[in-house]
Amino acid sequence: MALCLLPAWLSAQETAVMPDRPGMGTGTTVLGRGLIQWETEVAVAHARGTHELVLPNTLFRFGVDKRAELRLEYEGSLFLSDRPSYAPSPLKIGSKLMIWGGSEEKNLRWIPRTSLMFNLGVPVSRALAEVLPVSGSIDLLFESDITNWLSLGYNFGTHWREWAPAPDLFASLALNFTPTEHFNFYVESYNYFDCDVDKDVAGYSTGYDINLNFGVMYFPHPRWQLDAYAGFNCYASEPALSSPKNYAFLGIGASWLIYAPEN
């Protein structure tokens, strides 16, 4: 997701929802001990001349400590061509660890909130295991407050999405604007830098995938978040994806803090 500056009426409550989506980045927030949160989204994408329906992307987050959470995530895609086909994705098992949660001390406020997140992708079918036997990611997540209503998030990571001599590099930058207690707006750039084996030249090839997305989050209740977002490709080294007309997406989602021990 785009990184989110929590509204004051949420941050003052321990059992408030901790938004961690939508988008490609993710926030630095970590669930408290014993909390369980469910997040889901449905999106439609246009790529390579066909439409892709991302079936409910489901993420469960379990707070195991005030600085650590466990994560379980799955996403599948239905390609709507002449002959519709379903493409499963690996089941992601991971964790997010808070390294630095910020400080009210004036001389420490310049240090961004920092978390470390890692995921391991487990194939859910034999066919997927043959195509994508290894997948996973490690990301460093940062967030800095500019004002009480404006924040900046920036993430860096490595993503193993296939057999390759080196993992893909990932970087994102998000600007978050919170004009009222119930709304948050953001604009985010998320980018992949690929490294693969090029059999034609018996060497390495690099690719670039630069994307932009924007959206709005709405907090109707301390334990609920609703959101809508859209995005497109700005530049890709693969001609079939490069430019907004070749790759664009639109999605909606929700987050729900479904359990808090004191409640």
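The values are calculated or read from the model by the stated rules, or taken from the named source; none is laboratory data. Not measured: the values here are computed from a predicted model. Cβ sites come from the backbone with ideal geometry, for glycine too, and all protein chains shown count toward neighbours.
A few comments on the model shown:
- Here Ala129 fulfils each of the conditions (1) within 20 Å of the chain's Cα centre (by Cα); (2) not hydroxyl-bearing (Ser, Thr, Tyr); (3) not in a strand (DSSP E or B) apart from (1).
- Counted residues, segment 73-95 - those being of a type outside the set (D, E, K, R) and either closer than 25 Å to Met117 by Cα or crowded, with 17+ Cβ neighbours inside 10 Å (or both): 10
- Within segment 117-131, the presence of a residue that is charged (D, E, K, R) and buried (at least 17 other Cβ atoms within 10 Å of the Cβ) is excluded.
- Pair list, Cβ under 6 Å, 6 or more apart: segment 60-84 residue more than 20 Å from Val124 (Cβ to Cβ), other residue polar (S, T, N, Q) and surrounded by fewer than 17 Cβ atoms within 10 Å (Cβ to Cβ): Ser81/Thr50
- Top-ranked residue of segment 200-220 - restricted to ones that are of a type outside the set (Gly, Ala, Ser) and at pLDDT below 90, ranked as surrounded by the most Cβ atoms within 10 Å (Cβ to Cβ): Asp209
- From the list Thr28, Thr58, Thr50, the lone residue that is surrounded by 17 or more Cβ atoms within 10 Å (Cβ to Cβ) and closer than 23 Å to Gly231 by Cβ is Thr28.
- The residues on offer are Pro261, Pro239, and the sole one that is loosely packed, with under 15 Cβ neighbours inside 10 Å, closer than 23 Å to Gly63 by Cα and over 22 Å from the mean Cα position of the chain (by Cα) is Pro261.
- Count - residues of segment 21-50 that are over 14 Å from the mean Cα position of the chain (by Cα) and at pLDDT below 80: 2
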